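This report refers to the structure that appears directly beneath it.
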Amino acid sequence: MRPATPGRPSADDLLVLLAVGRSGRFVTAADELGINHTTISRRIAALEHTLGGRVLTRVTGGWELTDLGREALAAAEAVESAVKSLAADADGNRVLEGVVRLSATDGFSAYIAAPAAAEVQRRHPKISVEIVAITRRASQQRSGLDLEIVVGEPQVHRATATHLADYCLGLYGSREYLYENGAPATIDDLSRYPLVYFIDSMLQVDDLDLASSFVPAMRESVTSTNVFVHVEATRASAGLGLLPCFMADRHADLVRVLADSVTVTLGYWLVARTETLRRPEVAAVVAAIRAVVADQRDILLGRRH
């Protein structure tokens, strides 16, 4: 490839900056572009020489764009858009392609992200969606991730956090368990029942940690880092489970108790770099997620149809 003309950046160098700017890491960008780490470094250095300033600055865990880098990124996106516009279907419509990786909680991954990803695949077969199921706080360095869906409003830097939807947790017991042990009539009665919930010492999400604060007298029964384990342990009569209503209400053998006095409302938030959200394939995934969320809004809030 020809070196950049002084004052005029190479399109190849701009596309390298685009990959680094989106991932925050040279290694991830190198994997995406199919080149080595040294080539990434050399192209960024060439771009900075051409533009006469730094386009990236080192931060903990990766790289962030400078003001000059963000200006260059806009040009890089225009180059990418022009290249992708050459790929069109028989009707002349632009073909979206690429890999979009997102992380979300187990329940959101299964019941929101998965059907959204399936819809994206139907509409855009060349988009691949990778779903990483994990329950944690929003990462300050989103290396390797395009989108994060977290519980509770996150405090993030160099990223955009958008509220997606609210959902409710309620107390549930299996029909068999409630038949054998009786149902609690008041919150004070809960001291007689074991609780199925997260492992307290391993819970990283403040809002989920506070969710069980109304039942300090309940002893722990089966605990897990995975909410599907909570649901199945509750169905197996391990105790009363503090469960997302949109998951528990799918099972006819689970009965909600103290619905009027035990309702915990939490929020799902979407976190991403601003430049990542401008990618058409990422925008398609976000749109699909929003559509599923809108369709399931009452279910998320525990309002059965």
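Any read-out appearing in this document is the output of simple, stated calculations on the displayed coordinates, not a laboratory observation. Keep in mind it's a predicted model, so treat the numbers as computed, not measured. Please note: Cβ atoms are built from the backbone with ideal geometry, for glycine as well, and neighbour counts cover all protein chains shown.
With +1 on the Cβ of every Lys and Arg and -1 on the Cβ of every Asp and Glu, and nothing else charged, how large is the dipole of the stretch 216-278 about its Cα centre, in debye rounded to the nearest 20? It would help to have the intermediate numbers written out before the result.
Values: 6 positive and 6 negative charges, 34 e Å.
Charge dipole of the stretch 216-278: 160 debye, to the nearest 20.
List Thr234, Thr274, Thr135, Thr225 from most exposed to least, where exposure is judged by having the fewest other Cβ atoms within 10 Å. Walk me through the numbers on the way to the answer.
On the way: Thr234 28, Thr274 12, Thr135 22, Thr225 15.
Ordered by Cβ neighbours within 10 Å, fewest first: Thr274, Thr225, Thr135, Thr234.
Between [x] 126; [y] 314; [z] 140, which matches volume of the Cα convex hull per residue in Å³ calculated for the structure shown?
Of the labelled values, this structure produces [z].
Let me know the charge dipole size of the stretch 10-90 about its Cα centre in debye, to the nearest 20, where only the beta-carbon of Lys, Arg (+1) and Asp, Glu (-1) is charged.
On the way: 8 positive and 11 negative charges, 55 e Å.
It comes to approximately 260 debye.
Do any trypsin sites (Lys or Arg not before Pro) in the stretch 210-305 lie in a DSSP loop with no more than 16 other beta carbon atoms within 10 Å, and if so, which? Spell out each step's value before the answer.
Working: sites: Arg219, Arg235, Arg250, Arg256, Arg273, Arg278, Arg290, Arg297, Arg303, Arg304; in loops: Arg250, Arg273, Arg278, Arg303, Arg304.
Of the trypsin sites (Lys or Arg not before Pro), the ones in loops of the stretch 210-305 whose Cβ has at most 16 other Cβ atoms within 10 Å are Arg250, Arg278, Arg303, Arg304.
So for the stretch 181-305, what are the equivalent ellipsoid semi-axes in whole Å, largest first, each being the square root of 5 times an eigenvalue of the Cα gyration tensor? All intermediate terms of the calculation are to be shown ahead of the outcome.
Numbers: eigenvalues 201, 58, 33 Å².
For the stretch 181-305, the ellipsoid semi-axes come out as 32, 17, 13 Å.
How big is the dipole moment of the chain about its Cα centre under a simple scheme where the beta carbon of each Lys and Arg is +1, that of each Asp and Glu is -1, and everything else is neutral? Debye, nearest 20, please. Can you show the working numbers first?
On the way: 32 positive and 37 negative charges, 177 e Å.
Value, rounded to 20: 860 debye.
Toward the positive end of the charge dipole of the chain, about the Cα centre and with charges on Cβ (Lys, Arg +1; Asp, Glu -1), which of Ala185, Thr38, Val120 goes farthest?
Value: Thr38.
May I ask which residue of Leu254, His230, Val16 lies farthest towards the positive end of the charge dipole of the chain, with charges of +1 (Lys, Arg) and -1 (Asp, Glu) on Cβ and the Cα centre as origin?
About the Cα centre, the residue reaching furthest to the positive side is Val16.
Run lengths n ≥ 4 of DSSP H only: what is the helix-derived mean residue ellipticity at 222 nm for the chain, with -39500 (n - 2.57) per run over all residues, to the nearest 500?
Result for the chain: -11000 deg cm²/dmol, rounded to the nearest 500.
Which helices count as membrane-span-like in the chain under these terms: full DSSP H, at least 15 Å along the axis by C-alpha, Kyte-Doolittle mean of -1.0 or more?
Numbers: long enough: 11-23 (18 Å, 1.12); 37-51 (21 Å, -0.11); 67-84 (26 Å, 0.18); 280-295 (22 Å, 1.45).
Membrane-span-like by this rule: 11-23, 37-51, 67-84, 280-295.
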